[in-house]
1. Go through ALA312, ALA263, ALA244, ALA308 for me and flag whichever is surrounded by fewer than 22 Cβ atoms within 10 Å (Cβ to Cβ), touching a helix residue (DSSP H, G or I) at 6+ places or on another chain (Cβ under 8 Å) and either at negative phi or outside any helix (DSSP H, G or I) (or both).
2. Just to be sure before I move on: is PHE95 touching a residue at least 12 places away in the same chain (Cβ under 8 Å) and closer than 21 Å to PHE305 by Cβ in the structure I sent?
3. Can you find a residue in region 207-224 that is charged (D, E, K, R) and out of contact with any strand residue (DSSP E or B) (no Cβ under 8 Å at 6 or more places or on another chain)?
4. Go through region 130-163 and give me each residue that's part of a loop (DSSP other than H, G, I, E, B) and within 18 Å of ALA175 (Cβ to Cβ).
5. More than 20 Å from the chain's Cα centre (by Cα), surrounded by fewer than 18 Cβ atoms within 10 Å (Cβ to Cβ) and in a helix (DSSP H, G or I): is that true of GLY181 in this structure?
6. What pairs come up if the first residue lies in region 179-196 and is touching a residue at least 40 places away in the same chain (Cβ under 8 Å) and farther than 18 Å from LEU126 by Cβ, the second is surrounded by fewer than 18 Cβ atoms within 10 Å (Cβ to Cβ) and among the acidic types (Asp, Glu), and their beta carbons are under 8 Å apart, counting only those six or more places apart or on different chains?
7. Name the one entry in ARG250, ARG172 that is in a strand (DSSP E or B) and not acidic (Asp, Glu).
8. Quick check on region 100-123: of everything there that is among the basic types (Lys, Arg) and in a helix (DSSP H, G or I), which residue is nearest to VAL50 (Cα to Cα)?
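The values are calculated or read from the model by the stated rules, or taken from the named source; none is laboratory data. All values derive from a computational prediction rather than experimental measurement. Neighbour counts run over all protein chains shown; Cβ positions are idealised from the backbone, glycine included.
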Amino acid sequence: MNILFVADPLESFKIAKDTTFSMMREAQRRGHRIAVCEPRHLNWRSGGEVDAQVREITLTGDAPVWFTESGRPRRALRTFDAVLMRKDPPFDSEFFYATHLLEQAEREGARVFNRPAALRDHPEKLAVMEFPRFVSPTLVTRDPAEVRRFHAEHGDIILKPLDGMGGTGIFRVRADGLNLGSITETLNGNGTTTLMVQRFVPEISDGDKRVLVIGGKPVPHSLARIPQGSEVRGNLAAGGKGVARPLSARDGEIAEALGPVLAARGLLLVGLDVIGDWLTEINVTSPTCFQEITEQTGFDVPAMFVDALEAALATR
């Protein structure tokens, strides 16, 4: 099988923890061939097919040079057995345009995972609003007066941008309301940008759990990303400590309810973020934590993913 990964530059990978690398390694172990490109390499000429100049690679596992390259041909995306969209957020205009090019490649016969339309239809923070029974009190607005009313009702709140990643731009405002106005102005651009406000969930001290759902089925362990020191954010990129744990009953309930729904929409891999008993985000662009869970528990997450990918391709 020939697999194309649309991802960030190979040279930026941290292979000790990179999930895309773990996917590549498992695919190569099974005899599949690997090619890589970046979204900027996608092309669509009028009257032609969506193609890209790709890098055909073989993983060596050595660091810092962990792959060898055998060629850089230009190939139509439909000539690959699978195209995996693994570009990290943010979901900016260029990511949006890339999904349109990938969707055209689908029309030409390419099999793209996660499906481009599903990526566009599930913005990672907004997507939780479809499942209110699993979500703590949440407000999406650009109106500062609504933010103030939400704060008055709930007292201790979290404010964050809709397009943030890795914990960037997240603020906590306690009952005293200190700097609420200034934080709101910063995040909403004086009323021009929509933001999300959520009731603070104190169980964050026990970790922001990443629950992976592959092919509609949950991985049996989550990675609890635990804030360190005085930090309120558990994100690994913000210094959180990752600890793998078996899914709680509530984690399993959320994953079992959402998994089949999201899989039916073309989302082969989803990362649910759960704090305490509450769903806070649905990550669809490039969910991570494969290596951390595998190393700490022995459950082979990359193998589960490639199993699901092979099964999806076999249905065609």
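1. ALA244 is the lone residue from the list that is surrounded by fewer than 22 Cβ atoms within 10 Å (Cβ to Cβ), touching a helix residue (DSSP H, G or I) at 6+ places or on another chain (Cβ under 8 Å) and either at negative phi or outside any helix (DSSP H, G or I) (or both).
2. No; evaluated as a whole, the condition is false for this residue.
3. yes
4. Within region 130-163, SER136, PRO137, GLY155, ASP156 qualify.
5. yes
6. GLY191/ASP143
7. Going through ARG250, ARG172 in turn, just one is in a strand (DSSP E or B) and not acidic (Asp, Glu): ARG172.
8. ARG107
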